[in-house]
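The values are calculated or read from the model by the stated rules, or taken from the named source; none is laboratory data. Computed from a prediction, not measured in an experiment: that's the story for all the values here. Neighbour counts run over all protein chains shown; Cβ positions are idealised from the backbone, glycine included. Just the protein is used for accessible areas: all its heavy atoms, side chains included, with ligands, DNA and RNA removed. Shrake-Rupley method; radii C 1.70, N 1.55, O 1.52, S 1.80 Å.
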Amino acid sequence: MTRLPAIGEGDLLLVIDLQNDFCAGGALAVPNADELVPVINRLAEGFAHVALTQDWHPPGHLSFASSHPGRRPFESVRLAYGEQTLWPDHCVRNTPGAEFHPQLAIPHAELILRKGYRAEVDSYSAFHENDRCTPTGLAGYLRERGLRRLFLAGLATDYCVHYTALDARLAGFETLLLLDACRAIDRDGSLAAALDAMRAAGVEILG
């Protein structure tokens, strides 16, 4: 793991979507995701402030390929809010797949932010849903808490981590991506494109 700068009271570790369905054997498994669990557990010990995000979809979510007859996972469709990648059914609320990895151990986490719970719109970013209009409330929470610098870890580098990082910068937060503490889906060059976009937005990439 890359050496971190000194961590202070204004810093927060944001652990993104380290859930069963994104890990080995899950409905939308990210390659090597399970490797992150001990890494992130150790990281979290160095932060006074930690928050977790959790995909929390209702059954029949509009982003599921199963909600579009004749469509397959990873195809793209045009929805009311724009282009949407279709996914296998995953992280359905109140199912084992939506739960955090059983070995994730961050008892001092201060916030669990659920996203993607509106049936008609997906939510990659921890700050905004994919319609780019509906905020999650995270920016206000961070500001009220006096948290100014975010360290991002989790899944997947090229989707939820990527969009969270861009929105964090738009909201004015100093943002650092802990690359060794993330894993990517990486389809059709998506990881390289995401890293380029994050660097262009002013995200500092460590690792």
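In a shell of Cβ-Cβ distance under 12 Å around G82, excluding G82 itself, what net charge do Lys and Arg (+1) and Asp and Glu (-1) give?
Local charge sum for G82: -2.
Sort F74, F100, F64 from largest to smallest accessible area, using a 1.4 Å probe on the heavy atoms of the protein chains.
These residues rank, largest area first, as F74, F100, F64.
Not counting ligands, DNA or RNA, and with a 1.4 Å probe, what is Y163's accessible surface area in Å² rounded to the nearest 10?
90
Restricting things to alpha carbons, tell me how big the stretch 1-129 is in terms of Rg and Dmax, in Å.
16.0, 52
Can you give the accessible area of E99 in Å² (nearest 10), computed on protein heavy atoms with a 1.4 Å probe?
Around 80 Å² of this residue is reachable by solvent.
Of G116, G140, G82, which is the most mobile in a GNM of the chain whose springs link Cα atoms less than 10 angstrom apart?
Largest GNM mean-square fluctuation: G82.
For the stretch 145-187 and the stretch 88-108, write down the distance between their C-alpha centroids in whole Å.
That distance is 19 Å.
For W87, enumerate residues with amide H under 5 Å from its amide H, sequence gap 5+ or separate chain, H modeled in the peptide plane.
Residues meeting the criterion, in which the H sits 1.01 Å from N, are F64, A65, F74.
Give me the percent relative contact order of the stretch 121-207, please, defined on Cα pairs under 8 angstrom at least 6 residues apart.
Here the relative contact order equals 28 percent.
Search the structure for amide H atoms under 5 Å from the amide H of L113, placed 1.01 Å from N in the peptide plane, and list their residues when 5 or more places away or on another chain.
Result for L113 returns L52, T53, Q54.
At q = 0.20 Å⁻¹, what log₁₀ I(q)/I(0) does the stretch 48-97 have when each alpha carbon counts as one equal point scatterer in the Debye sum?
Evaluating at q = 0.20 Å⁻¹ gives log10 I(q)/I(0) of -0.71.
On a full-extension model of 0.36 nm per residue, what is the gain between E120 and E204, subtracting their alpha-carbon distance, rounded to one decimal in nm?
26.9 nm
When the Karplus curve 6.51 cos²θ - 1.76 cosθ + 1.60 is applied with θ = phi - 60°, which whole-Hz ³J(HN,Hα) does each residue of the stretch 140-157 get, with x for Gly and Pro?
x, 4, 5, 5, 5, 7, x, 8, 10, 10, 10, 10, 9, 9, x, 9, 9, 3
Across every pair of different alpha-carbon atoms, what Kirkwood hydrodynamic radius in Å does the stretch 126-185 reach?
One decimal place: 11.8 Å for the Kirkwood radius.
Expressed in whole Å with the largest first, what are the equivalent ellipsoid semi-axes of the stretch 61-207 derived from the C-alpha gyration tensor as the square root of 5 times each eigenvalue?
Its equivalent ellipsoid spans semi-axes of 25, 18, 16 Å.
Normalising by the residue count of the chain, find the relative contact order in percent from Cα pairs under 8 Å and 6+ residues apart.
So the answer I get is 24 percent.
Report ³J(HN,Hα) in whole Hz for each residue of the stretch 107-117, in order, from the Karplus equation J = 6.51 cos²θ - 1.76 cosθ + 1.60 where θ = phi - 60°; Gly and Pro get x.
Ordered by residue, 3J(HN,Hα) equals x, 8, 4, 9, 8, 10, 9, 8, 9, x, 8 Hz.
For the stretch 86-207, what is the accessible area per residue in Å² when the probe is 1.4 Å?
On a per-residue basis, the stretch 86-207 sits at 44 Å².
Amide H to amide H, which residues 5 or more places from F47 or on other chains are under 5 Å from it, using H placed in the peptide plane?
Long-range HN contacts for F47: none found.
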